[in-house]
Amino acid sequence: MLKEVWDLLITKQDFFGKLLLEHIEISLAAILIAVVWGGLVGVLISEYQKSAKPTLGVINFLYTVPSISMLGFLIPFSGIGNATAVIALTVYALLPMVRNTYTGMTNVDPAILEAAKGMGSTKKQILLRVQLPLAMPVILSGIRNMVTMTIALAGIASFIGAGGLGVAIYRGITTNNGAMTIAGSFLIALLALLVDFFLGIVEKRRNRHGREAKRQNRIMAAVAAILLICLVAGIVIPKDRGKEIHLATKPMTEQYILGEMLKYMLEQDTDLTVDLTQGVGGGTSNIAPAMESGEFDLYPEYTGTGWNMVLKRDNLYSEEQFAELQQEYQEQLNLTWQVMLGFNDTYGIAVRKEIAEQYGLQTYSDLQKVNGQLVFGAEYDFFERQDGYDKLCDTYDLSFRSTSDMDMGLKYQAINSGKIDIMPVNTTDGQLAQADVTVLKDDKGMYPSYQCGIVVRQEILDKYPELVPALQKLDRILTEADMQKMNYEVETEKKEPADVAKAFLKKKGLMKGGAR
């Protein structure tokens with residue numbers, strides 16, 4: 001495994017280098033904002049003691065909120081991407097900064113402060129020249145702890161479409177690529193350790209005295225202030241997108257492949273640049289609102305998902321209702337299903353083979369034989385979908401011993417190791433053919449059709465009409481067998497999604513210079 005990780009870091013150094021720079025940018029922005037605001041709040045509450053308890057209480061409460069919950073709460077206000085990630089990381093970084101600043105300031109010997117006051121120093125002079133310098137060792141200790149924590153926590157940013165090394169971790173989990181997950185984790189740990197080592201040097205230099213040391217400290221403070229201004233401006237201020245479109249994908253292997261396929265075709269056949277955000281956590285629940293707000297311009301979606309999760313329809317979807325689906329998307333959301341790719345990625349239910357053979361399970365209805373005995377594992381959104389867990393239980397009158405939420409990239413490992421007994425699968429799953437499971441028959445036809453298509457903002461089509469012929473080249477180009485084969489190549493043979501996508505396009509004669 002270590003050799004695989006090393007080889008991956010070498011062969012994909014551009015990919016990891018880009019993610020590393022993004023991780024530093026996001027983390028450093030949150031750190032610098034927390035240092036400024038947290039330090040200011042810490043000083044203020046040390047001066048006005050009555051405000052200390054409620055202020056620390058509020059910050060302590062925010063610190064206990066799970067990071068994923070915090071991101072979910074912020075998305076409706078600040079959207080997805082780097083800005084939201086910086087806000088969330090700043091919230092978590094405030095506690096150690098405020099607490100250590102307050103502790104350092106209040107633990108300065110009162111006799112020293114009285115002596116400074118007796119010598120005629122003003123309140124401002126006492127604060128800046130006596131109290132703050134004496135509190136600095138405690139404050140710097142808090143900064144070191146906060147920096148390490150922030151760099152590690154920044155990995156969660158990829159869940160909401162932000163950059164950073166969490167992208168590698170999340171992609172590795174989703175595509176069953178352990179080497180990529182370890183590589184991303186290793187780089188985050190290495191970055192945290194290096195920064196902590198650097199801050200240790202700074203802390204030692206800070207304890208030196210003399211005119212030269214003070215001059216160096218002022219220079220470092222000025223550099224930090226400039227970095228803060230540049231980073232906040234780069235992350236928060238909207239950039240001129242020019243002739244650029246934003247493409248998003250869900251955290252699924254086939255979506256990684258489709259994203260690379262779309263990116264290549266659009267950049268090949270138009271003069272547009274495609275900014276690809278891979279594996280947005282939460283899938284449709286986060287991407288669809290971002291499409292409506294204009295943060296994303298297009299993404300691969302499934303008809304049944306669009307009907308139930310986006311349009312909030314309760315009834316079962318069939319492809320006979322596609323015209324209605326298209327009309328509702330255009331009228332309500334100003335979005336359009338521009339092209340259908342040709343394959344149906346519907347749900348199925350798989351049981352460990354030994355259990356299926358033991359109890360003679362062939363259909364969903366047969367599961368009543370083992371009601372209350374099996375452990376059901378599924379990705380997070382399956383338990384919330386209108387066409388997910390509750391509908392399965394209601395339609396077939398089923399119950400399970402317990403349920404387990406997990407990332408979809410871990411389901412097959414869990415069922416193969418016996419951690420779970422039953423799980424939902426997709427008909428195009430690359431690992432399905434290799435798993436020791438039996439796929440049951442949906443004898444009551446519970447699941448709707450999930451034809452895959454490309455949803456595009458109408459505004460972007462009007463602005464760039466050249467998108468239409470480029471997208472139409474992908475019309476009905478894929479079958480379920482094609483998609484399952486490509487998923488297998490990524491998940492089992494460890495090929496890169498981009499390489500698999502290009503090989504397929506070349507086979508179909510759609511790459512310039514490819515076979516015609």
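The values are calculated or read from the model by the stated rules, or taken from the named source; none is laboratory data. Being a predicted model, the structure only gives us computed values, none of them experimental. Heads up, the Cβs are rebuilt from the backbone with ideal geometry, glycines too, and the neighbour counts pull from every protein chain shown.
Per-structure values
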quantity	calculated
Selected residue [at pLDDT below 90 and buried (at least 21 other Cβ atoms within 10 Å of the Cβ)] from Leu9, Leu71, Leu62, Leu113	Leu71
Residue check, Met180 at pLDDT 90 or above and either touching a Cys at 6+ places or on another chain (Cβ under 8 Å) or crowded, with 21+ Cβ neighbours inside 10 Å (or both)	no
Listing of helices (runs of 4 or more DSSP H) fully contained in segment 183-302 that carry 2 or more residues being within 30 Å of Val35 (Cα to Cα) and modelled with pLDDT under 65	211-236
Residues of segment 368-389 satisfying the condition of being surrounded by fewer than 15 Cβ atoms within 10 Å (Cβ to Cβ) and among the acidic types (Asp, Glu)	Glu384
Every residue from segment 317-343 that is under 23 Å from Thr427 (Cα atoms) and buried (at least 17 other Cβ atoms within 10 Å of the Cβ)	Tyr317, Gln321, Phe322, Leu325, Trp337, Val339, Met340, Leu341, Gly342, Phe343
Single residue of Leu392, Leu410 found to be surrounded by 15 or more Cβ atoms within 10 Å (Cβ to Cβ), closer than 29 Å to Trp307 by Cβ and modelled with pLDDT of 90 or more	Leu392
Odd one out for Gly172 among (1) buried (at least 21 other Cβ atoms within 10 Å of the Cβ); (2) under 17 Å from the mean Cα position of the chain (by Cα)	(1)
Residue list for segment 403-452, filter: under 27 Å from the mean Cα position of the chain (by Cα) and assigned to a strand (DSSP E or B)	Thr403, Ser404, Asp405, Ile422, Met423, Pro424, Val425, Asn426, Gln451, Cys452
Flag if Asp462 is surrounded by fewer than 19 Cβ atoms within 10 Å (Cβ to Cβ) and either under 25 Å from the mean Cα position of the chain (by Cα) or at pLDDT 90 or above (or both)	yes
